[in-house]
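Chemist: Here's a structure for you.
The values are calculated or read from the model by the stated rules, or taken from the named source; none is laboratory data. All of these numbers come straight from a predicted model, not from anything done at the bench. Neighbour counts are summed over all protein chains in view; Cβ atoms, including those assigned to glycine, are modelled from backbone coordinates with ideal geometry.
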Ligand SMILES: Nc1ncnc2c1ncn2[C@@H]1O[C@H](COP(=O)(O)OP(=O)(O)O)[C@@H](O)[C@H]1O
Ligand SMILES: O=C(O)[C@H](O)[C@@H](O)[C@H](O)[C@H](O)COP(=O)(O)O
């Protein structure tokens, strides 16, 4: 039995095939870059049809190479918070508004939730531009055409492939409209969103599994009998894929964006621990929650610097960075894309400071990466205050996989906690597969934590000193 694991990311869409123990099959990885439209006004959108086309190309590539023949389960990790408006026929009336978009604002004179703290404790979210409670009225106001209903990116793309694609509790929690305990839409959040349940995707039942539509099954006959598991928010999936499925270890993930999170087993209906004012909480599935903080800056800082500055590449870049002490670089504010909730600074709040005539492009990149480490360190301290023991940290995601300097800078900023690194860059897809299999207890072993993980030691100058436990 093999598993097709999909990652519906922000910079790319990926499909990879894993064996029953969630280990990747050699060569069975297809990836397509996707185009995020970014604007100075805070725009951060994706084209739904283009995104779907990229996913279809990935599946075609895997099918043509013969990788899909033993697949009987499909697991999906998908970015949280996205929303797209549909007309009555289910066609998009606009682009997918992603987590990066800071344009949504309150419409009319709504004062917001009656008891903001109670709202935050129930939904894990705030009345904020990142969530559907503010996004839906804003989208309706912007749209020249009446909007029939709203879906997120995974319901849109899976809705085009499967017989039905209800919203998973994990994805629903990322809208900010879900009561995290009852797993129903929160009445007050619906009122703020100006939405009725029929304007939203239906919520998937506990035992929901999807099947390909007949026309799609003709295209990929190898997947005709495969069961599709409910999509997991990429934050939850990345924790599990990093081996951080219990509160002893926090995951720090740096993909396009970044986040620090701690996962706990709290089945639906059980009391949720009090949520600190500045942290969010989402569902991984019916039995687990993840608490943390996210940043609009992550690997996109590197992408920007690489595009706009004359950076060396590959080993040359690593060698140049190795000369910058960890904690060094130029002081920066890395919030180029603005704040994630609950913060409110707008897109365009990035700053570079302390420049001199000897400042290099590499100093600027180092300063940006360092700036993110400091934001994470502050929030990790708050996150840690919610549990009774100090936590270890596992770094993961494509950006930290690519940069040894960034890993060391995190190790220094998060010391004295032990910091290790999940070298498998596909933590989202692998984590989604582990969630689909319900193998939370084995996540750390299957994710190879402690076996192939690099323990990251901070240095003040010079080259990396990774250590591999025997
Ligand atoms: N050498 C590097 N240093 C830092 N970041 C990098 C480097 N190479 C690539 N990245 C960043 O890694 C990110 C891709 O990580 P990934 O986990 O694949 O993202 P996503 O899942 O959001 O698509 C990109 O934003 C890219 O700019
Ligand atoms: O926990 C998390 O990771 C964040 O809460 C989540 O909102 C994330 O930032 C977006 O889903 C985009 O993720 P990528 O940057 O990995 O595409």
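Chemist: Which of the residues that make up segment 17-42 are closer than 27 Å to residue 304 by Cβ and within 16 Å of ligand 1 (Cβ to nearest atom)?
Modeler: 29, 30, 31, 32, 33, 34, 35, 36, 37, 38
Chemist: Go through the residues of segment 355-363 one by one and say whether even a single one is touching a strand residue (DSSP E or B) at 6+ places or on another chain (Cβ under 8 Å) and away from ligand 1 (no atom under 15 Å from the Cβ).
Modeler: For segment 355-363, residues touching a strand residue (DSSP E or B) at 6+ places or on another chain (Cβ under 8 Å) and away from ligand 1 (no atom under 15 Å from the Cβ): absent.
Chemist: Is it the case that residue 275 is surrounded by fewer than 24 Cβ atoms within 10 Å (Cβ to Cβ), over 25 Å from residue 444 (Cα atoms), assigned by TED's automatic domain parsing to the domain that holds residue 400 and touching a strand residue (DSSP E or B) at 6+ places or on another chain (Cβ under 9 Å)?
Modeler: Against the criterion (surrounded by fewer than 24 Cβ atoms within 10 Å (Cβ to Cβ), over 25 Å from residue 444 (Cα atoms), assigned by TED's automatic domain parsing to the domain that holds residue 400 and touching a strand residue (DSSP E or B) at 6+ places or on another chain (Cβ under 9 Å)), residue 275 qualifies.
Chemist: Further question: Checking the condition within 16 Å of ligand 1 (Cβ to nearest atom) and assigned by TED's automatic domain parsing to the domain that holds residue 152, which residue from 76, 123 passes?
Modeler: After ruling out the rest, the residue left standing is 76.
Chemist: Report yes if some residue within segment 81-98 is within 15 Å of ligand 1 (Cβ to nearest atom), closer than 30 Å to residue 269 by Cβ and under 18 Å from the mean Cα position of the chain (by Cα); otherwise report no.
Modeler: Among the residues of segment 81-98, at least one is within 15 Å of ligand 1 (Cβ to nearest atom), closer than 30 Å to residue 269 by Cβ and under 18 Å from the mean Cα position of the chain (by Cα), which makes the answer yes.
Chemist: Suppose we filter segment 63-96 for residues that are assigned to a helix (DSSP H, G or I) and crowded, with 23+ Cβ neighbours inside 10 Å; how many remain?
Modeler: Here the count works out to 0.
Chemist: Which residue out of 384, 374, 351 is in the same structural domain as residue 406 (by TED's automatic domain parsing), away from ligand 1 (no atom under 16 Å from the Cβ), touching a residue at least 40 places away in the same chain (Cβ under 8 Å) and surrounded by fewer than 22 Cβ atoms within 10 Å (Cβ to Cβ)?
Modeler: Criteria check complete, one pass: 384.
Chemist: Where in segment 257-312 are there strands (runs of 3 or more DSSP E), lying wholly inside it, with at least 2 residues that are more than 13 Å from ligand 2 (Cβ to nearest atom) and under 20 Å from the mean Cα position of the chain (by Cα)?
Modeler: 258-265
Chemist: Let me ask something additional. Report yes if some residue within segment 383-399 is over 18 Å from residue 262 (Cβ atoms) and within 22 Å of the chain's Cα centre (by Cα); otherwise report no.
Modeler: yes
Chemist: A further question on this structure: Do the conditions hold for residue 59, that is, is it away from ligand 1 (no atom under 16 Å from the Cβ) and at pLDDT 95 or above?
Modeler: Yes; evaluated as a whole, the condition is true for this residue.
Chemist: Listed residues 243, 236; which is buried (at least 22 other Cβ atoms within 10 Å of the Cβ), touching a residue at least 40 places away in the same chain (Cβ under 8 Å) and away from ligand 1 (no atom under 16 Å from the Cβ)?
Modeler: 243
Chemist: Say we look at segment 24-55 and pick out the residues that are closer than 24 Å to residue 239 by Cα and free of Cβ contacts under 8 Å to residues at least 40 places away in the same chain; which of these is surrounded by the fewest Cβ atoms within 10 Å (Cβ to Cβ)?
Modeler: Residue satisfying both the conditions and the ranking: 26.
Chemist: Residue 253 fails exactly one of the following numbered conditions: (1) in contact with a strand residue (DSSP E or B) (Cβ under 7 Å, 6 or more places away or on another chain); (2) away from ligand 1 (no atom under 16 Å from the Cβ). What is the number of that condition?
Modeler: (2)
Chemist: Moving to a separate point now. Kindly provide the set of residues from segment 393-448 that are within 16 Å of ligand 2 (Cβ to nearest atom), in contact with a helix residue (DSSP H, G or I) (Cβ under 7 Å, 6 or more places away or on another chain) and without any contact (Cβ under 8 Å) to a residue 60 or more places away in the chain, ordered by number.
Modeler: Matches in segment 393-448: 425 only.
Chemist: Another question, then. Give the residues of segment 392-412 that are surrounded by fewer than 21 Cβ atoms within 10 Å (Cβ to Cβ) and under 25 Å from residue 275 (Cα atoms), sorted by residue number.
Modeler: 392
Chemist: Looking only at segment 1-16, count how many residues are under 13 Å from residue 429 (Cα atoms) and more than 16 Å from ligand 1 (Cβ to nearest atom).
Modeler: The qualifying residues number 2.
Chemist: Is it true that residue 101 is free of Cβ contacts under 8 Å to residues at least 40 places away in the same chain, under 22 Å from the mean Cα position of the chain (by Cα) and within 16 Å of ligand 1 (Cβ to nearest atom)?
Modeler: Spelling it out, it is not the case that residue 101 is free of Cβ contacts under 8 Å to residues at least 40 places away in the same chain, under 22 Å from the mean Cα position of the chain (by Cα) and within 16 Å of ligand 1 (Cβ to nearest atom).
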